[in-house]
Structures are given as structure tokens and as C-alpha cells.
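Structure, as C-alpha cells:
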Amino acid sequence: LLAAHYGADITYGEEIIDHKFVKCERRVNEHIGSTDFIEKGTENVVSEPVMKKETGWYFRLALLIQCKDVAAIDINMGCPKSFSISGGMGAALLTKPELIHDVCNAYPLKCFFFPFSPTLNEELLPFVLDSSTCSFQNQILTTLKRNLDTPVTCKIRLLKSSQDTVELARRIEKTGVSALAVHGRRVADRLRDPAKWCEIADVVAALSIPVIANGDIFEYDDFQCIKDAAGASSVMVARGALWNASIFSPKGKVS
């Protein structure tokens, strides 16, 4: 909400698991103008990631409940955390592109981010749905695009070579997603390693859909720097916004 207040066009929230989400009740939070999902029997707002695999019906039910509250759904295929990779989620999908685009019977996998835009609906919920499902995850993006009217986007990391990244990005584009976010690091990279904006540029040049550049954005001026370097249509900020949400303000950060 602070990021949107300071000028962010779309905001993402943290991830939760679908199994927990479907056990929640929906409440309108009139104090801050949002929609909250409260764990039944408690007053806890569900917003923490949970490491657990569930079955596909949770995923479908959670989407049916939540799509009316969100502007779009983003599939996070770039998370390098060990709990994601060990569960076949997040960045683990980068090495299995067939799971992204296959047309076999299966259910989606990993994280579904629900962007929030105050210009679209004052009650949209900035939150993430983590749908960790069974081992036959074959039609992640294709399934979503076929069954939902809500826009679907995707986020990835760089692969071992720029050519490999571009090839994966092209396969993702063919699923019909509305945009692709690219984080400028590989799975093995650490935060101290600089983001490779030039390799994001290779993806931008190869695709016709909007590409969202991500990585090492800590000041307002960095927005234009990464757009110029990568040629991206827009920019995604993570740590910079967590540290100070006013990074989005052209007037400068608020101390």
C-alpha cells in the first residue's frame, strides 16, 4: 500500500499456500481500503509462505475465490530459495521448460502473485498465492491462460547462457502470457553479484510482449538506468522497495 501511495503502478505481496488460503474467510478492511483473508478461528491475516505440497483442487478453488480481488496473476519461476527448489518449485522450473508449456493433464505449480493497482480497484488485495501441487505440473501457464480471464504474467531468472534464457522466454511467450519479468541473476548468483542488465536486453530484443526488468534497483534514478540498459518496458523493484517504499517517488526518498 505504501509503494502504491508513492507511485508504484502495480504492487506484489508475499506468498502463501493455496491450502491455507481456502481455509480463510474474506473480509473487507475498511481501515486501509484492502481485502484481507483471515485464518478461520483466529484473527491472523494469512501472509506467510508455507513449505508444503498440496493437490490441484486447492489451487483451482483458491483461484476461483481470489480472481475477483486482483488485477492479474504472476507465476514466480525465479525463486532460488532452497525450500522452493527442493520442492520442484520456483527456479527449479527453469531447468524443466516442458513443464511450463506442456498440454498433458496436470496442475500448476509454485507461486501465484496477485498484483495490486489502486487505479483498477480500491479493494484489490496485494498478496501472493503459493500453489505447490502434485508432481505432474505440466501445463502451468497454458492451463491458467485457458481457464482464466484474469491476465497472467511470469517471472524468471537468467539461465546459464543468454541463448538459453532467450529460448525459455520464447517458449513462455507462446503460452500467451501478458508480460515476462526477468531477474538479472542466475540461480547460483548471490546478492553481492551485480545484476546482468545486458542479458535482460537480449530477452527484450527477442520478444514481442512487454519485458519487466528486475535486479539492483535502489534509487529512483535506477529506474531509467535499467530501462535504458535493458530496453525493458517497465521495472520491478524488490529489496529497494522493502527498504524504503518511497523509492517510487520522483521527489526522492522519505527518511
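The values are calculated or read from the model by the stated rules, or taken from the named source; none is laboratory data. Every value quoted in this text rests on a predicted model; they were computed, and no experiment measured them. Using ideal geometry, Cβ is built from the backbone for each residue, glycine included, and neighbour counts are taken over all protein chains shown. The protein model used for the area step is the full one, side chains on, heavy atoms only, and it has no ligands, DNA or RNA in it. Shrake-Rupley method; radii C 1.70, N 1.55, O 1.52, S 1.80 Å.
Brief remarks on what is shown
- Counted residue by residue at 0.36 nm each, then reduced by the alpha carbon distance between them, the extension gain from residue 44 to residue 25 reaches 5.8 nm.
- You can think of it this way: the chain between residue 167 and residue 219 has 15.6 nm of extra reach, that is 0.36 nm per residue less the Cα-Cα gap.
- P(r) histogram, all alpha-carbon pairs of the range 177-229 included - 5 Å bins from 0, percent: 4, 20, 29, 24, 16, 6, 0
- Of 96/227; 68/174; 68/96; 145/227; 196/227, those spanning more than 24 Å from alpha-carbon to alpha-carbon: 96/227; 68/174; 68/96; 145/227
- Calculated FRET efficiency, residue 253 to residue 81, Cβ-Cβ distance, R0 = 35 Å: about 0.80 to the nearest 0.05.
- R0 of 41 Å, Cβ-Cβ distance residue 32-residue 193: FRET efficiency to nearest 0.05: 0.65
- With 28 Å as the limit, the listed pairs 40/155; 23/253; 23/81; 81/253 have 40/155; 23/253; 81/253 beyond it between alpha carbons.
- The range 139-255 - percent of accessible surface contributed by carbon and sulfur, probe 1.4 Å: 51 percent
- Its Cα centre serving as origin, the range 212-255 has a Cβ charge dipole (Lys and Arg +1, Asp and Glu -1) of approximately 180 debye.
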